[in-house]
Amino acid sequence: MCATYLALNDVLQKGEYEKVVIIRSAVQTREQGFMPGTQAQKEAVFEAPYLDIVNDLFDRKDAYNLMKSKGMIEFKTSSFVRGLTFDNAIIIVDECQSMTYHELDSIITRVGESSKIVFCGDTKQDDLATSRNRADITGLHDFLKVLYAIPSFDVVRFGINDIVRSGLVKEYIMAKEQILEDVA
């Protein structure tokens, strides 16, 4: 939500960039099997949160689709970024804890001229941890090590006090961390 809000502000208010590109991995929290439909129909499931965020930000039910039709917002899955270059864009890489190092590496090397990239993820919400394929191990930890070595990159970490979804979620996260800490 924060990254989308700030990116849209830079595009609409400041005019510094032409568009916002949102990239997300097509990894689910649970395997559901084959999904029928076109690529766009399959990706729509992963695009849905951003449709809700943008529509809420503008208090319009058609805001996301309107911006998408004007080329101000693009949505991609990490599966189809090879060969692309994103110029004059703000690239938001969301749910990056569910991406392999190879995916993250592929995405950052798509950044073109006059662009900015923002990686959003929570290492405690790794959906690859339960994968049957051991090659699917989150690459975020190693990727962060590389980012820390880049002077032009900043890393912002949020904590318990930054949770704004609901009081219940905040209580749950605090209880879960305490119980897991006691077990360790």
Exercise for review: Give the range of the longest stretch in the chain that excludes all chymotrypsin sites (Phe, Trp or Tyr not before Pro) found in loop regions by DSSP and having at most 16 other beta-carbon atoms within 10 Å.
Suggested key: 35-152
Review point. For the range 37-105, what D do you get in µm² per second when you plug the Kirkwood radius from alpha-carbon pairs into Stokes-Einstein at 25 °C and 0.890 mPa s?
Key: 181
**Study point:** Sum of -39500 (n - 2.57) over DSSP H runs of 4+, divided by residues of the chain (222 nm, nearest 500)
**Key:** -11500 deg cm²/dmol
Point to revise | the chain: most fluctuating residue of R110, R82, R157 per GNM, C-alpha cutoff 10 Å | key: R157
Review point. Which value, in debye to the nearest 20, gives the size of the charge dipole of the chain about its Cα centre, when Lys and Arg are +1 and Asp and Glu are -1 at the Cβ?
Key: 340
**Study point:** Degrees separating the helix 167-183 axis from the principal Cα axis of the chain, which is the longest one
**Key:** 40
Exercise for review: Using the structure shown, select from K14/K68; K68/K124; K116/K145; K42/K70 the pairs with a Cα to Cα distance greater than 24 angstrom.
Suggested key: K68/K124
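A short reminder: the numbers here are calculations on the coordinates, not readings from a lab. For clarity, every value in this text was computed on a predicted model and none was experimentally measured. Using ideal geometry, Cβ is built from the backbone for each residue, glycine included, and neighbour counts are taken over all protein chains shown.
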